[in-house]
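Right, one structure below, let's go through it.
The values are calculated or read from the model by the stated rules, or taken from the named source; none is laboratory data. Just so it is clear, the structure is predicted and the values come from calculations on it, not from any experiment. Note that we place each Cβ from the backbone using ideal geometry, even for glycine, and neighbour counts take in every protein chain shown.
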Amino acid sequence: MKVQFLKTSLTFTALLFLLGCGVLISQQTEDGWETMFNGSDLSGWTTKIHHYEVGDNYGETFRAEDGMVKVRYDQYEGEFNYRFSHLYYNQPFSDFHLTMQYRFVGELYQGAPEYTMKNSGIMFHSQDPKTMLKEQDWPISVEMQFLAGIEEGIERPTGNMCSPGTDVVYEGKIDPRHCINSSSDTYFGDQWVTAELIVLHDSLITHIINGKTVLQYTKPQIGGEVANGYDPKIKQDGKPLKEGLIALQSEGQPIDFRDIKIKNLKGCTDPKAKNYKEYFVVSDAKSCSYE
C-alpha cells in the first residue's frame, strides 16, 4: 500500500500506525522544511575529529564546495590512525523528518579500516561534541549507516542502523547487534542516493531509502559498547534518548552530501494558537502562543 500524501490533520497515534505499516509519507508542499546547509560555508556546524579538540577541522576534512558538504582527505598526512570525524549541526531536535542525498566518490584513505570502504552515515540523538573527550572515537548516538556495493552479486544494503554507545528495541526486544541491516537495494558506484529519517523522540524511528521504508525500530537508549574514550558521566546506560544533535560522518571514505533539509515535527497542535502548524504531529502545548 502506498499513500501519496499525509493529511496534515493526522494525529500522533495515526502517524505511528502508518509508519509502523511501512507507509511512504510525503508532503504536497515544502511547508515546514528548513535547509540545514547554506551551500557556501559550514556556519551552524561544529567539527569533532578523533585525537583533536572540538572545532579543529583537521585537513579540511569537511568542506563546503559546489553547493555540497564534501568529506576529503587530500590534506591528511601519514596513516589514517582512526581519525573518525563528525560534523554536527548545532541545533538539537527531538521529533523530525530529515532528508538528504549522498554519494560515495574516490578511494578509501590509506590505512583506514577495510570495513569503512564506501561506508559513512548520519548520527542522530547524539551527545554534544562539547561533551566529548579528545580521545573519544565515536559519539554516543544512533547512526543511520550508508553503504555502497563493492562486489557485483554481493548484497550490501544501505540505510542500516548502528549503535555506538546505545541500544535500540528491534522486533520487540533490545537487539544485541551493533548494526542491523535494512531491506534496501544495493547501490553501486557514485550514484546519488536519497536518504530520509523520521524520528519521534524515543519512540518510533523509520529509515527510508529512495522513497522506500527499509527499517524501523523503537526506544533508542544509552547502552551497549563500541564507543570508546568517553566521559563515564555521559554514558548513563538505560537512559532514553529523546533528543540530541545530528551529525554527518567521516570514516576514511570520501563522500558528498547535498540537499540537507529537516522538518521539525514537534510544536503547537492547537489550531486556535498563533503558532499552530498543520505539519506538527507531536504536541508541545507549552510552546503555544495565543497573543
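Points to keep in mind about this one:
- Boolean, GLY252 is small (Gly, Ala, Ser), farther than 23 Å from MET117 by Cβ, assigned to a loop (DSSP other than H, G, I, E, B) and more than 17 Å from the chain's Cα centre (by Cα): no
- So ALA148, is it over 19 Å from HIS97 (Cβ atoms), aliphatic (A, V, I, L, M) and crowded, with 22+ Cβ neighbours inside 10 Å: yes
- Strands (runs of 3 or more DSSP E) wholly inside region 122-212 containing at least 1 residues that are touching a helix residue (DSSP H, G or I) at 6+ places or on another chain (Cβ under 6 Å) and at pLDDT 95 or above: 204-209
- Test set (1) surrounded by 19 or more Cβ atoms within 10 Å (Cβ to Cβ); (2) small (Gly, Ala, Ser); (3) modelled with pLDDT under 95 - SER26 fails condition number: (1)
- Scan of region 77-100 for residues that are surrounded by fewer than 13 Cβ atoms within 10 Å (Cβ to Cβ), among the charged types (D, E, K, R) and under 17 Å from GLN253 (Cβ atoms), ordered by number: GLU79
- Listed by first and then second residue, the pairs linking a residue in region 72-87 that is in contact (Cβ under 8 Å) with a residue 24 or more places away in the chain and closer than 18 Å to GLY106 by Cα to a residue that is among the acidic types (Asp, Glu) and buried (at least 22 other Cβ atoms within 10 Å of the Cβ), with Cβ atoms under 6 Å apart and 6 or more places separating them unless they lie on different chains, are PHE84/GLU251.
- Test result for THR218, surrounded by fewer than 16 Cβ atoms within 10 Å (Cβ to Cβ), in contact with a strand residue (DSSP E or B) (Cβ under 6 Å, 6 or more places away or on another chain), part of a strand (DSSP E or B) and among the polar types (S, T, N, Q): no
- Extreme residue, nearest to PHE93 (Cα to Cα), among residues of region 172-215 that are among the small types (Gly, Ala, Ser), in contact with a Leu (Cβ under 9 Å, 6 or more places away or on another chain) and touching a residue at least 40 places away in the same chain (Cβ under 8 Å): SER203
- Any hit, region 84-92, residues being more than 15 Å from the chain's Cα centre (by Cα) and under 15 Å from THR61 (Cβ atoms): yes
- Conditions (1) in contact (Cβ under 8 Å) with a residue 40 or more places away in the chain; (2) among the aliphatic types (A, V, I, L, M); (3) surrounded by 21 or more Cβ atoms within 10 Å (Cβ to Cβ): number failed by VAL169: (3)
- Identity of the residue in region 101-112, assigned to a strand (DSSP E or B) and surrounded by fewer than 22 Cβ atoms within 10 Å (Cβ to Cβ), that ends up farthest from the chain's Cα centre (by Cα): ARG103
- Number of positions in region 61-76 that are outside any strand (DSSP E or B) and either modelled with pLDDT under 95 or surrounded by 17 or more Cβ atoms within 10 Å (Cβ to Cβ) (or both): 4
- Top-ranked residue of region 223-246 - restricted to ones that are of a type in the set (A, V, I, L, M) and part of a strand (DSSP E or B), ranked as surrounded by the most Cβ atoms within 10 Å (Cβ to Cβ): ILE246
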